[in-house]
Amino acid sequence: MPTDGNSHYIEFRDVSKKFDRPVLIDVNFYLDPGKTLAIIGRSGVGKSVTLSHIMGFLKPDSGSIIVSHADITGMQEAELRRIRKKVTMVFQSGALFDSLTVGENILFSLELREDYDEQNKEDVVNGLLEMVDLLHVKDLYPADLSTGFKRAVAIARALAAQPECILYDEPTTMVDPIMSDDLGNLMLRLKRQLGLTAVVVTHDLDLMRKVADSVVFLYKGEAIYFGPVSELAQCKHPHVRQFLAMDDVEIDGKIEET
């Protein structure tokens with residue numbers, strides 16, 4: 001249930017952020033519990049900055065941000081740590097410890113959990129790796145894994161914290177089409193089996209269509225579309241039309257010079 005009277009799990013209300021130039025301009029969107037939101041658009045339009053605001057790593061110049069039903073806009077670091085126990089992020093790099101095996105990477109995230117003894121922790125590690133179909137790589141090191149496997153391991157490690165919400169940063173970038181499809185299936189399975197709320201930043205429209213309920217399209221810092229994935233194709237904004245047309249060209253295997 002909402003803790004601060006906010007029914008949406010995540011919400012941006014007129015959020016603006018400027019560095020050397022405006023990066024987010026009066027951005028509005030929301031995400032309800034158990035749903036998945038995709039954030040799409042070309043590089044440099046504010047997608048990763050949006051994730052950083054959700055995690056509280058950045059503060060907006062104006063507007064307000066709701067996360068886990070609470071207004072985090074003015075929260076201090078101690079309060080934000082409480083929010084981050086509920087909302088975790090899977091970084092594009094995977095952010096695994098190179099000196100630890102896959103199993104040890106996941107175990108590391110359990111070390112501060114006082115509700116598990118050593119056998120419980122081992123069972124949890126095995127269970128999480130089984131959930132992502134990677135128990136067979138438990139004793140390997142990150143250097144032994146493909147990019148896609150590293151991201152699946154990072155997802156398993158994120159799940160060890162028993163989050164309510166996962167933020168995925170470009171999960172299928174630089175992976176082959178088969179692994180991309182496998183990661184999408186994994187994300188969809190976690191949504192259905194665990195009821196996880198999720199935000200996925202992606203250029204991959206196939207992934208968006210597979211896992212997301214709603215989508216925010218960012219262009220030059222503005223949310224030029226927010227709504228159901230099923231209605232994105234009807235959007236008349238020229239930059240959305242162009243983006244979708246480029247995807248159609250890639251699907252058809254045609255390369256046309258302009």
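The values are calculated or read from the model by the stated rules, or taken from the named source; none is laboratory data. Keep in mind that what you see is a predicted model, and the values were worked out from it rather than measured. Please note: Cβ atoms are built from the backbone with ideal geometry, for glycine as well, and neighbour counts cover all protein chains shown.
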#### Entry: Residue in the stretch 41-50 that is modelled with the highest pLDDT, counting only those that are polar (S, T, N, Q) and touching a strand residue (DSSP E or B) at 6+ places or on another chain (Cβ under 8 Å)
THR50
### Query
Mind checking which pairs have a first residue in the stretch 207-234 that is at pLDDT below 95 and of a type in the set (Gly, Ala, Ser) and a second that is surrounded by fewer than 18 Cβ atoms within 10 Å (Cβ to Cβ) and part of a helix (DSSP H, G or I), Cβ under 7 Å, 6 or more apart or different chains?
ALA233/LEU244
### Message
For the stretch 190-221, give me each residue that is surrounded by fewer than 18 Cβ atoms within 10 Å (Cβ to Cβ) and either touching a strand residue (DSSP E or B) at 6+ places or on another chain (Cβ under 8 Å) or not assigned by TED's automatic domain parsing to the domain that holds TYR30 (or both).
### Response
HIS203, ASP213, LYS220
### Query
Among the residues of the stretch 51-62, is there at least one that is of a type outside the set (D, E, K, R), surrounded by fewer than 18 Cβ atoms within 10 Å (Cβ to Cβ) and under 13 Å from the mean Cα position of the chain (by Cα)?
yes
### Query
more than 23 Å from LEU31 (Cα to Cα), assigned to a helix (DSSP H, G or I), basic (Lys, Arg) and without any contact (Cβ under 8 Å) to a residue 24 or more places away in the chain: does that describe LYS150?
no
### Query
Does any residue of the stretch 187-198 turn out to be within 17 Å of VAL87 (Cβ to Cβ), among the hydroxyl-bearing types (Ser, Thr, Tyr) and in contact with a Pro (Cβ under 7 Å, 6 or more places away or on another chain)?
yes
### Query
Name the pairs whose Cβ atoms lie under 7 Å apart, with the first residue in the stretch 80-97 and under 8 Å from ALA154 (Cβ atoms), the second part of a loop (DSSP other than H, G, I, E, B) and at pLDDT 80 or above, and 6 or more positions between them or separate chains?
VAL90/PRO171
### Summary
Within the stretch 6-50, the count of residues that are in a loop (DSSP other than H, G, I, E, B), on the phi > 0 side of the Ramachandran plot and either without any contact (Cβ under 8 Å) to a residue 60 or more places away in the chain or surrounded by 17 or more Cβ atoms within 10 Å (Cβ to Cβ) (or both) comes to 3
### Query
Of the numbered conditions (1) at pLDDT below 90; (2) on the phi > 0 side of the Ramachandran plot, ALA161 satisfies every one except a single condition; which is it?
(2)
### Query
Does at least one position in the stretch 138-154 carry a residue that is in contact with a Lys or Arg (Cβ under 9 Å, 6 or more places away or on another chain), surrounded by 16 or more Cβ atoms within 10 Å (Cβ to Cβ) and at pLDDT 85 or above?
yes
### Message
Can you list the helices (runs of 4 or more DSSP H) lying wholly within the stretch 51-133 that have 1 or more residues being modelled with pLDDT of 90 or more and among the polar types (S, T, N, Q)?
### Response
102-108, 118-131
### Message
Can you pull out every residue in the stretch 184-241 that is among the charged types (D, E, K, R) and outside any helix (DSSP H, G or I)?
### Response
ASP204, ASP213, LYS220, GLU222, LYS236
